[in-house]
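Take a look at the structure set out below.
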Amino acid sequence: MALKLHYHRLLSLVLLILLLFSVHRSSAGVEESFLESVPDLQNKMYMVVDGYPCVRLLNISGEIGCANPGRVKVVAPIVRFTNDMFKLVSPSAVLVPPDKMEDFFNKLHSDKESARKIAGVLIKSNIGYSNEIFGFSPVGKFPQAEFAPYRNTKYNWNPAGSGVMWNRYDFPVFLLSQNSTLKLEEIVESAEVHNDKFHVDVAEFDVVMQTTKVGNHNSETCLKDQSCLPLGGYSVWSSLPPINVSSQMEKPIILAMASQDSASFFRDRTFGADSHLSGMIALLAAIDALSHVDNVNEFGKQLVFIFFTGEAWGYLGSRRFLHELDLGSESVVGLKSSLIEKVLDVGSVGKGFSEGKATFFSHVEEESSGSKEILSALEKAAASLKPDEIVIQNASSSNPGIPPSSLMPFFRKNPSTAGVVLEEFDSVFSNKFYYSHPDDSSNINTTSIVSAAAVVARALYILASSGSGFSSSILSSININASLVEELVACLLTCEPGFSCKLARNFIISNGACPNHYVGVMLGSPVAVPSLENVGDTSRFIWNFLAERNSIRKASSNSSCSQGCTSPTEVCVGAETGKGVCVISTTRYVPAYSTRLKFENGWRLVATNAEDPLGEVDPVWTESFWNSIGLRAYKVQSQTYDQLILWVGIALTISSYVAILAAKAALRKSLKRD
């Protein structure tokens, strides 16, 4: 979706040609040029302005996000944000700096009269703004507090939280790219300097962004009408070593997990670098280190890794995973909830390094022998690394419990779960951009991620080899590939190279180079082996990465597996690149969507039940089924009124070609007079 700079289309395509005057009259320093065709004119009039829209989402209770108030485009003059701009006389499109965004939306939410004067909002990128100067977190002080396993849901985990993302705005909002910001700044400044009363810079918002059919104002009604789709996707789990499902021996499971999705006010600009993808990258690097351990088959415990998606929207991934375990579904063959002995959740770890030392905090809900063993393993792992460079501390006892994390649904499901959340913070978030668009690679420190990965890798080895197969020399040999961490950050948290990086290209053909970790929607029936077109780039990348690392290669593994693998214990790594290789690996997709939904020739809402303790508070998030209603684009235009009346009669009676010739002749005369 894009903004475009153009000259306003009032009556017909012919009239657009006549407004060619404004190209020359309002653009200082532009050389004289003449147009030979309508496409030439369009190329001259339209200037691509890139950006990202805020969209409308629905839940059981209603709607959040942004949309045009009706089903027609919105056109309004662009004005720069000022402190007294809420005294606007007529509806306007407001250009807002990033450090004023939170105050701006808070004011509009509380002042309905001012909100009626806002036709649209253009948010500038962070050019010239230091991340140290301001913070912006559009979610609440306690994100997803309703899922907490304790009563103190008023606790302030997220001091920067404003909650503006959860409000409904009946006007479009657009985040400008850096280039777009510079273009719009130049246009607005030029208009202010010249103060031309005949020239008005106008924003045309032509993406309606309505989510559903008229009258559908919550998830239940739009699902009935099949005009929306549930948020969701596919989580990925893998085991080291591969699980032999035909074996009678069942080992206790050490489960390590992280989130692979995040959230933002602008869905298509969701990096989530430290909320919580720094933990995802740390766990991927730890898995890479553990994959080089020779005696994994001698472990007394089974290592299982899972990367959940949908966690930002009601813990869709973790809740669905626990439900699939209860069902014993195909997507979790080889796993049983009764075998899960200990759980380590790797949270935000990208800001734990300062003054030459990395410090991380262990959060527990209930102290138990199992949680104490995890804490001990983390401390031993840190001590086995360079002395005094990595510190593991117990989180403050004044905390109400564990912070917002995937471990919450585990505790709500089974309060006796032996689990620990590893975080960079103690009592409040270190990340001032939790679940927001500025949370990109500049907001994390790769050295911190490397340190966290080292602790996690060695702690998991200690836990898995406890009582069987442990070796001090092997422990000291488990080291993190810092270059891999740098590469993962570049692939997953930047647009250049993004998914065009070599590592990603070895595995997948991405839908777009720039990563976006918004969960997306469930397309079609959820299955254990989904069609790749129904699986997001991030999930497919993680699946291939895990399948390769946690694998046993056969002697014939150099052959292509374009036709699939012969054994059910095998998977094809890199299949979509055309150079796939069959390996023995237990790496699987598991659907991630609301436990209150069922697919039967379409999605439908089901009643809550006693076996789903979080069903009552499940928001059941949905987004428009865009293919069913179409999607249009945002534009910014410049509207010039002089010379218009002169040409109206001609425009209505002559062909486009004649109009072009007439416009060119008139333009020459106008330029000579000027």
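The values are calculated or read from the model by the stated rules, or taken from the named source; none is laboratory data. Remember, predicted model here, so these are calculated numbers, not experimental data. Ideal geometry is used to build each Cβ from the backbone, glycine not excepted, and the neighbour counts take in all protein chains shown. Keep in mind that these areas ignore ligands, DNA and RNA; they rest on the heavy atoms of the full protein, side chains included. Shrake-Rupley method; radii C 1.70, N 1.55, O 1.52, S 1.80 Å.
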Q: Kindly indicate the residue of the stretch 576-615 that is free of Cβ contacts under 8 Å to residues at least 60 places away in the same chain and within 25 Å of the chain's Cα centre (by Cα) and also surrounded by the fewest Cβ atoms within 10 Å (Cβ to Cβ) among those meeting that condition.
A: 598
Q. Taking the condition open to solvent by 60 Å² or more (accessible area, probe 1.4 Å) and either closer than 24 Å to residue 324 by Cβ or at pLDDT 95 or above (or both), does residue 570 pass?
A. no
Q | Segments classed as strands (runs of 3 or more DSSP E), wholly inside the stretch 199-246, with at least 2 members that are at pLDDT below 90, open to solvent by 10 Å² or more (accessible area, probe 1.4 Å) and touching a Phe, Trp or Tyr at 6+ places or on another chain (Cβ under 9 Å) | A | 199-205
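Is at least one residue of the stretch 389-397 of a type outside the set (D, E, K, R), in contact with a His (Cβ under 9 Å, 6 or more places away or on another chain) and either under 25 Å from residue 139 (Cβ atoms) or at pLDDT 95 or above (or both)?
yes
Output yes when any residue across the stretch 139-160 is over 21 Å from residue 409 (Cβ atoms) and outside any loop (DSSP other than H, G, I, E, B), and no when none is.
no
Criterion first (touching a residue at least 24 places away in the same chain (Cβ under 8 Å) and farther than 19 Å from residue 369 by Cα) does residue 394 satisfy it? Don't jump to the end; show me each part of the working.
Values: touching a residue at least 24 places away in the same chain (Cβ under 8 Å): yes; farther than 19 Å from residue 369 by Cα: no.
Against the criterion (touching a residue at least 24 places away in the same chain (Cβ under 8 Å) and farther than 19 Å from residue 369 by Cα), residue 394 does not qualify.
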(Q) Among the residues in the stretch 493-513, are any small (Gly, Ala, Ser), within 21 Å of residue 437 (Cβ to Cβ), touching a strand residue (DSSP E or B) at 6+ places or on another chain (Cβ under 6 Å) and not in a helix (DSSP H, G or I)? (A) no
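Hey, among 590, 519, 583, 529, which residue is outside any loop (DSSP other than H, G, I, E, B), under 30 Å from residue 225 (Cα atoms) and among the hydrophobic types (A, V, I, L, M, F, W, C)?
Details: 519 fails: outside any loop (DSSP other than H, G, I, E, B); 583 fails: under 30 Å from residue 225 (Cα atoms); 529 fails: outside any loop (DSSP other than H, G, I, E, B).
After ruling out the rest, the residue left standing is 590.
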Q | the stretch 374-389 residues that are farther than 14 Å from residue 475 by Cβ, paired with ones that are modelled with pLDDT under 95 (beta carbon under 8 Å, 6 or more apart) | A | 388/357; 389/356; 389/357
Q. Of the residues that sit in the stretch 101-128 and are among the aliphatic types (A, V, I, L, M) and within 15 Å of residue 265 (Cβ to Cβ), which one is farthest from the chain's Cα centre (by Cα)?
A. 108
Q: Confirm whether residue 77 is open to solvent by 20 Å² or more (accessible area, probe 1.4 Å), over 25 Å from residue 138 (Cα atoms) and at pLDDT 85 or above.
A: yes
Q | Residue match in the stretch 298-310 (condition: at negative phi, open to solvent by 10 Å² or more (accessible area, probe 1.4 Å) and among the small types (Gly, Ala, Ser)) | A | yes
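Select, from 329, 318, 291, the only residue that is closer than 21 Å to residue 413 by Cα, among the hydroxyl-bearing types (Ser, Thr, Tyr), modelled with pLDDT of 95 or more and surrounded by fewer than 21 Cβ atoms within 10 Å (Cβ to Cβ).
On the way: 318 fails: surrounded by fewer than 21 Cβ atoms within 10 Å (Cβ to Cβ); 291 fails: closer than 21 Å to residue 413 by Cα.
Criteria check complete, one pass: 329.
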Q.
One residue is enough: does the stretch 275-287 have a residue meeting the conditions touching an Asp or Glu at 6+ places or on another chain (Cβ under 7 Å) and crowded, with 24+ Cβ neighbours inside 10 Å?
A. yes
**Q.** Count of residues meeting criterion [touching a strand residue (DSSP E or B) at 6+ places or on another chain (Cβ under 8 Å), open to solvent by less than 10 Å² (accessible area, probe 1.4 Å) and part of a helix (DSSP H, G or I)] in the stretch 412-451
**A.** 1
Q) Given (1) within 24 Å of residue 477 (Cα to Cα); (2) at pLDDT 95 or above; (3) not acidic (Asp, Glu), where does residue 402 come up short, assuming only one miss? A) (1)
**Q.** Of all residues in the stretch 342-392 being under 22 Å from residue 260 (Cβ atoms) and basic (Lys, Arg), the one that is surrounded by the fewest Cβ atoms within 10 Å (Cβ to Cβ)
**A.** 351
Q) For the stretch 262-291, what are the residues that are polar (S, T, N, Q), in a helix (DSSP H, G or I) and out of contact with any helix residue (DSSP H, G or I) (no Cβ under 7 Å at 6 or more places or on another chain)? A) 275
Q: Mind listing just one residue for me: the one in the stretch 169-191 that is polar (S, T, N, Q) and modelled with pLDDT of 85 or more and, of those, nearest to residue 65 (Cα to Cα)?
A: 177
**Q.** Count of the stretch 616-625 residues which are modelled with pLDDT under 95 and open to solvent by less than 40 Å² (accessible area, probe 1.4 Å)
**A.** 2
**Q.** Odd one out for residue 336, checked against (1) closer than 18 Å to residue 450 by Cβ; (2) more than 29 Å from the chain's Cα centre (by Cα); (3) modelled with pLDDT of 95 or more
**A.** (1)
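Assess whether residue 29 counts as being within 30 Å of residue 223 (Cα to Cα), in a loop (DSSP other than H, G, I, E, B), open to solvent by 10 Å² or more (accessible area, probe 1.4 Å) and modelled with pLDDT under 90.
Details: within 30 Å of residue 223 (Cα to Cα): no; in a loop (DSSP other than H, G, I, E, B): yes; open to solvent by 10 Å² or more (accessible area, probe 1.4 Å): yes; modelled with pLDDT under 90: yes.
No, not satisfied.
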Q. Out of the stretch 503-525, which residues are open to solvent by 40 Å² or more (accessible area, probe 1.4 Å), modelled with pLDDT of 95 or more and among the hydroxyl-bearing types (Ser, Thr, Tyr)?
A. none
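Take residue 125 and decide whether it is small (Gly, Ala, Ser) and open to solvent by less than 60 Å² (accessible area, probe 1.4 Å). Quick ask: steps written out before the conclusion?
On the way: small (Gly, Ala, Ser): yes; open to solvent by less than 60 Å² (accessible area, probe 1.4 Å): yes.
Criteria met by residue 125.
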